1. Tell me, 97, 186, 62 in order of fewest to most beta-carbon neighbours within 10 Å?
2. Using only the Cα atoms of the range 133-176, what do you get for the radius of gyration and for Dmax, in Å?
3. Quick check of the Kirkwood formula: for the range 89-190, what is the inverse mean of 1/r over all pairs of different Cα atoms, in Å?
4. Using 0.36 nm per residue of separation minus the Cα-Cα distance, give me the extension gain between residue 24 and residue 168 in nm, one decimal.
5. Quote the convex hull volume per residue of the range 21-188, based on C-alpha atoms, as a whole number of Å³.
6. Where both partners of a DSSP beta bridge lie in the range 21-188, what percent of those bridges are antiparallel, to the nearest 5?
7. For the range 151-184 and the range 61-109, what is the separation of their Cα centres, given in Å?
8. Taking neighbour Cβ counts within 10 Å as the exposure measure, how do 81, 102 sort from fewest upward?
C-alpha cells in the first residue's frame, strides 16, 4: 500500500473524527427574529405560548454574546407555557447528538419550570417517533450551561429541539423570566463509521509494514 493511499486514509479519518456538525441549528444566538408563521420549521426558531400572560420574544436585555437573546416569560398565570422549537433534518439513526446552550433568569425566586427535550420525527410521514424525557435544568442569576445528550432512534431522521418554560407544577407564584442564548445541536459521527475508518487505516499500515 503506497504512502499516498495511507495519507489519504489518514486524512479521511481525521476529517470524520474532527468534522464540524453536519447539521446545526440556525440562529443559535437569537440575533434574528424568531417566527410564528408555521411550517417548515427548519432554518428558524418557531415560538409558541399558551395565551395571555405568556411570552416568547427576542430581547437585547442581557445577551451572553452578540446583541440579542431569547426571552421567555410567564406572568402570574397558572397552567401556562412559552417556548421555541426548531427542526434539524437529515439525521442518521444511531448517531449521538448533543443539544446544549446557556440560560439565566433575573427572577428570584423563579416561580416556573424549565423543560428542554428532543422530539424525534420522521420527515416522510411527518410523524413523531419518540421523544427524550424532559431535561429540567434550573437557571440561576448568571448564564449557565444546559446539555441534553441523546441518540437518533430507528425510524427518525429529524430532531425537533425544544426549550420551554411552564407553570403546570407547584410553583408558588407562576411568574418568571428566562433568557436563553448560544444554543447548538451537534450530531457526532456514528461510532461504527469512526471505528470502521480506524480499522481500515490500521490494516493499511500493517500491510505496508
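Nothing in this text is a laboratory measurement; each read-out follows from the coordinates by a stated rule. Model, not experiment: these values are computed from the prediction. Here the Cβ positions follow ideal geometry from the backbone for every residue, glycine too, while neighbour counts run over all protein chains shown.
1. On the way: 97 22, 186 16, 62 13.
Final ranking by Cβ density, sparse to dense: 62, 186, 97.
2. 14.3, 41
3. Working: mean 1/r = 0.0685 Å⁻¹.
By the Kirkwood definition, the hydrodynamic radius is 14.6 Å.
4. On the way: separation 144, 0.36 × 144 = 51.84 nm, distance 3.10 nm.
Result for the pair: 48.7 nm of gain on full extension.
5. Values: hull volume 17.6 nm³, N = 168.
It is 105 Å³ per residue.
6. Numbers: 52 of 54 bridges.
Taking every DSSP beta bridge within the range 21-188, about 95 percent pair in antiparallel fashion.
7. Result: 6 Å between the Cα centres.
8. On the way: 81 21, 102 18.
With the sparsest Cβ surroundings first, the list reads 102, 81.
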